[in-house]
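Visitor: The structure follows.
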Amino acid sequence: MSLHSLVVCSDEKIIRVLRRVLSDLEIGMETCVDAESAVRKLSRQRFEAVIVDCADEEMASQVLTSTRSAPCNKHAVAVALIDGQKAVRSAFALGAHFVLYKPISTERAKTSFRAARALMKRERRRNTRVPVQIPIILITDNGAGQHKTTSADIGEGGIAIKLGRRPKNTSAMRVRFTLPSTDTPIETVAEFAWENAEGLAGIRFKDVSPEIGKSLKDWLVSQSPDAEKDDPPAPCKLTDLSLGGCYLEISSPFPIQVRVLLTMRIARLEVQVQGIVRVMHPEIGMGVEFNQKTSKQKENVEKFIHALMNSNGVGPDLVVEPDSLEGETDSSQPASATSASDVEDPLIELFQHKSNLPTEAFLHELRTQRNAPAQAQASVSV
C-alpha cells in the first residue's frame, strides 16, 4: 500500500469500518486517539490523508492546524467525521476537504474515499519532482525580455531553475522549454514561487492548458514507469450549464477551490474544460466555474452548449477528475475565472454570492434560476 492515512479517533466501531474500507481501497492506515500523539506523527511522517473525528472540535482543530503547518503534510487531504448536516460548515472552517457523516457506513465511506483517493494520488504526483537539466527561457516585459537559464528539476506544477539574478519585471512572465526526447516546445504563464541562498528558484506554472498538462504528465510518467496511475475520472450528471460554469450531481464531490478537469461528450463532440470548484454539497453535487483564460477555451464551451441545445433531448456523458488541491493562490479573492467573457452569467453570480447558503436553500435558488425565462439564453438546464 503506497498511500498512507492517519486516523485520529477513539471510537473503535468507526475505526473498524475505516480499516476495512481503506484496506479495500489500498490505503494504509495508522491510528491515534489524541491530538498530542497525532501532532507528533504529523511532524515526523508523511501522510496522503488525515482523517479526524470532530466530536472533540478543539482536538480536531489542533490536528488539522498541525497538518497544514507540517511541511511534509501540507498537501494531505483532510477528512472530517461529523455528526450531521449542521456540523458541515464547522468542519470546513477547521480545514477539512471532505466530510463523512456518522454513523459511518461501509458503502458511504467507500464512495467518499474513492474521491479522496483520487485527489490523494493527484497531489502526490503533482508534487513529485524529476531531476533534469534542460535550457529554460523566461519571457518577460510582454515578450520584450528573454532570460536564459537551466533547470534543476521539474514536476507537473512547476520547475526549479538556476538563477543568477532575478528579472526585474515578472508580472506577466512566461516560461518556455522543451522536454528531453520531445520535439514540441512547452510555453505557459508562470510566476516565481520561491528562491533560496544556493541560487535556485522555483517557478510555478499558471493557467496550463489541458494539452500542455497532458504533455507534462505523459513525460513525467515516462521517467517513472513504475509510478502509480491516477484513478479513472468519476461519472457525474450535468444539471445546469452556462458559458461560465456548471452544476454537477455527484455522490462524492470534490472540495471547494480544487481544480478539476471536466470531459463532456455528446454525439461525436468531446470537450475538455478546466475549472475550479466554487460550491460543494456533500453527497449531492458541486458547482464548477470554468477557467476560460483564452478565446479557444470559451469557444469549446460554446460548441458544447450549441450541440446540447440541438441534441433532441439526448443527454450528455460527463466525467470529472481532480487536477490540483490548490485552486487559487489567493482564495480570499474569488473573482471570476472566466475573464475571456464579459457576458453576465447568473449561474456564476449564484456561485459567488449564494455559496454559503444551506444546501437546500442553494438548490432552491438553483431551481428557481433554472426555470426563469430571462435566463434561457444565458444557460442550459439538463
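Read-outs: derived from the displayed coordinates by stated rules, not from any lab. This structure is a prediction, so every number in the text was calculated from the model and none was measured. When we count neighbours, we look across all protein chains shown, and the Cβ atoms used for this are built from the backbone with ideal geometry, even at glycine.
Visitor: Would you please give the residues with an amide H less than 5 Å from that of Gly145, counting only those at least 5 places away or on a separate chain, with H modeled from the backbone geometry?
Guide: Counting only residues 5 or more places away or on other chains, the set is Thr140.
Visitor: Can you tell me what share of the DSSP beta bridges in segment 37-146 is antiparallel? A percent to the nearest 5 is fine. Kindly include the intermediate steps, with their values, before the conclusion.
Guide: Values: 2 of 11 bridges.
Looking only at bridges with both residues in segment 37-146, the antiparallel portion is about 20 percent.
Visitor: Express in whole angstrom the spacing between the alpha-carbon centres of segment 134-154 and segment 8-75.
Guide: Value for the Cα centre distance between the two parts: 41 Å.
Visitor: Counting other Cβ atoms within 10 Å of each Cβ, which GluC sites (Glu not before Pro) in segment 177-207 have at most 12 and sit in a DSSP loop?
Guide: On the way: sites: Glu187, Glu191, Glu195, Glu198; in loops: Glu198.
Passing sites in segment 177-207 are Glu198.
Visitor: Going toward the positive end of the dipole of the chain, with +1 on Lys and Arg Cβ and -1 on Asp and Glu Cβ, which of Leu18, Ala55, Ser151 do you reach last?
Guide: Ser151
Visitor: Toward the positive end of the charge dipole of segment 130-223, about the Cα centre and with charges on Cβ (Lys, Arg +1; Asp, Glu -1), which of Asn142, Gln223, Phe205 goes farthest?
Guide: Asn142
Visitor: Would you compute the Debye intensity of the chain from its alpha-carbon atoms alone, equal scatterers and no solvent, and pass along log10 I(q)/I(0) at q = 0.07, 0.09, 0.13 Å⁻¹ to two decimals?
Guide: -0.34, -0.57, -1.16
Visitor: Something else now. Sorting Cys54, Cys32 on the 10 Å Cβ count, fewest up front, what's the list? Kindly include the intermediate steps, with their values, before the conclusion.
Guide: Values: Cys54 24, Cys32 19.
Ranked by crowding around the Cβ, least crowded first: Cys32, Cys54.
Visitor: Of Leu179, Leu248, how do they rank once you tally other Cβ atoms within 10 Å and put the fewest first?
Guide: On the way: Leu179 21, Leu248 26.
Ranked by crowding around the Cβ, least crowded first: Leu179, Leu248.
Visitor: Cβ under 13 Å from Leu100's Cβ, Leu100 left aside: what net charge do those residues give with Lys, Arg +1 and Asp, Glu -1?
Guide: Values: positive: Lys102, Arg108, Lys110, Arg114; negative: Asp11, Asp53, Asp83, Glu107, Glu283.
With Lys, Arg at +1 and Asp, Glu at -1, the neighbours total -1.
Visitor: Using the structure shown, list the pairs from Lys74/Lys296; Lys102/Lys354; Lys168/Lys354; Lys162/Lys298 with a Cα-Cα distance above 32 Å, or answer none.
Guide: On the way: Lys74/Lys296 35 Å; Lys102/Lys354 27 Å; Lys168/Lys354 41 Å; Lys162/Lys298 36 Å.
Exceeds cut-off: Lys74/Lys296; Lys168/Lys354; Lys162/Lys298.
Visitor: Find how much the distance from Ser311 to Arg268 grows on full extension, using 0.36 nm per residue of separation minus their present alpha carbon separation; answer in nm with one decimal. Don't skip to the answer; put the middle values down first.
Guide: Values: separation 43, 0.36 × 43 = 15.48 nm, distance 1.11 nm.
Difference between extended and current length: 14.4 nm.
Visitor: Out of the DSSP beta bridges found with both residues in the chain, what percent are antiparallel (nearest 5)?
Guide: Working: 65 of 84 bridges.
The antiparallel proportion sits near 75 percent.
Visitor: Let me ask you something else. List the residues, sorted by chain then number, that are 5 or more residues from Val279 or on another chain and whose placed amide H is less than 5 Å from its amide H.
Guide: Amide H neighbours of Val279, under 5 Å, 5+ apart: Gly287.
Visitor: Still on this structure, please answer the following. Relative to the compact-globule scaling 2.2 N^0.38 Å, provide the ratio for the alpha-carbon radius of gyration of segment 3-126.
Guide: Working: Rg = 12.9 Å, N = 124, 2.2 N^0.38 = 13.7 Å.
This ratio for segment 3-126 stands at 0.94.
Visitor: Given C-alpha coordinates of segment 33-102, what is the ratio Rg to Rh with the Kirkwood estimate of Rh?
Guide: Dividing the radius of gyration by the Kirkwood radius yields 0.95.
Visitor: Where does each of Thr170, Thr368 land when they are ranked from fewest to most other beta-carbon atoms within 10 angstrom?
Guide: Values: Thr170 16, Thr368 11.
In increasing order of surrounding Cβ atoms, one gets Thr368, Thr170.
Visitor: Amide H of Ile136: which non-local residues (sequence gap of 5 or more, or other chain) have their own amide H closer than 5 Å, using H built in the peptide plane?
Guide: Here Thr149, Thr150, Ser151 satisfy the definition.
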